[in-house]
Every structure is written in structure tokens, then in C-alpha cells.
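Down below is the structure, laid out as C-alpha cells.
What follows draws every value from the coordinates through simple rules; no lab data is involved. Remember, predicted model here, so these are calculated numbers, not experimental data. A quick note on method: Cβ atoms are made from the backbone with ideal geometry, for glycine too, and the neighbour counts reach across all protein chains shown.
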Amino acid sequence: MKVKFYATFREIIGRKEVEVHGVKTVRELIDHLAEKYSPDIKKQLLETPRVDERKPIDGMVLVNGHNVLHLKGLETELHDGDEIHIFPPAGGG
């Protein structure tokens, strides 16, 4: 599957896009990215004060164009051929 990163996540991973194989859920994908590239991606997505039961991800993860918060959250199933986009939380002011 292709995983594309945006904004600060490109800096954290050091790439715009990677190919990943063998992960079955969004949670496994985040764990894999943290182990292979940088633990900071997991900290930024799952371990901020904004994460809670209603919002398990701080940012946005799209699987084939669908926000995982509207699917099964971290347990959203992944398959070869999927395209995942990972965005940091929106900021502004």
C-alpha cells in the first residue's frame, strides 16, 4: 500500500511517500511507521492531549479517501493496493 505524508509528517518521516506491506490495521501501520522511520509520528498522532475516546487520532488519516474516524478508527482494516494519506491536525488562528 502507498502511504503519503503531508506537512510536518513529511519532515518527521523524511519522505513524501512510502510503500508498506504486511500491516492489517491503521494501528499496525502507525506502529510500523514509528518503528521504521520515527517514533515521533506515533506521538503526534496518538499521544497528544487532544486524543480521547471520541477522537483516537490527532490529525487525519484517510484510507482510499475515507476518514478512518468515520470507519473503524485505529482498527480500520488495510489491504494491499490501499492508498493512505496522513495529515497533521489543522492549525490556524
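With the simple spin-label model, which puts each label point 7 Å out from Cα in the Cβ direction, the Tyr37 to Arg15 separation comes to 0.7 nm. Database remark: amide H of Thr25 closer than 5 angstrom to the amide H of Leu78 (H placed geometrically; neighbours at sequence offset of 5 or more, or on other chains; Pro and chain starts carry no H).
Given +1 on the Cβ of Lys and Arg, -1 on the Cβ of Asp and Glu, and no further charges, what dipole in debye does the chain carry about its Cα centre, rounded to the nearest 20?
Values: 14 positive and 16 negative charges, 48 e Å.
In debye, rounded to 20, the chain gives about 240.
Using +1 at the Cβ of each Lys and Arg and -1 at the Cβ of each Asp and Glu in the chain, identify which of Pro39, Tyr6, Ile84 lies farthest towards the dipole's positive end. The residue sitting farthest along the positive end of the dipole is Tyr6. Only Cα pairs under 8 Å and 6+ residues apart enter the sum, and on that basis the relative contact order of the chain stands at 38 percent. How many percent of DSSP beta bridges within region 2-87 run antiparallel, rounded to 5? Counting only bridges with both partners in region 2-87, antiparallel ones make up about 70 percent. The lysines within cross-link reach of Lys2, meaning a Cα-to-Cα straight distance under 19 Å and a gap of 8 or more places when in the same chain, are Lys16, Lys24, Lys36, Lys42. Mean residue ellipticity, 222 nm, helices only, the chain: the sum of -39500 (n - 2.57) across DSSP H runs of n ≥ 4, divided by residue count and rounded to 500, is -7500 deg cm²/dmol. Give the residues of region 8-44 whose amide nitrogen is closer than 19 Å to a point set 7 Å from the Cα of Asn64 in the direction of its Cβ. Only 19-30 pass the distance filter.
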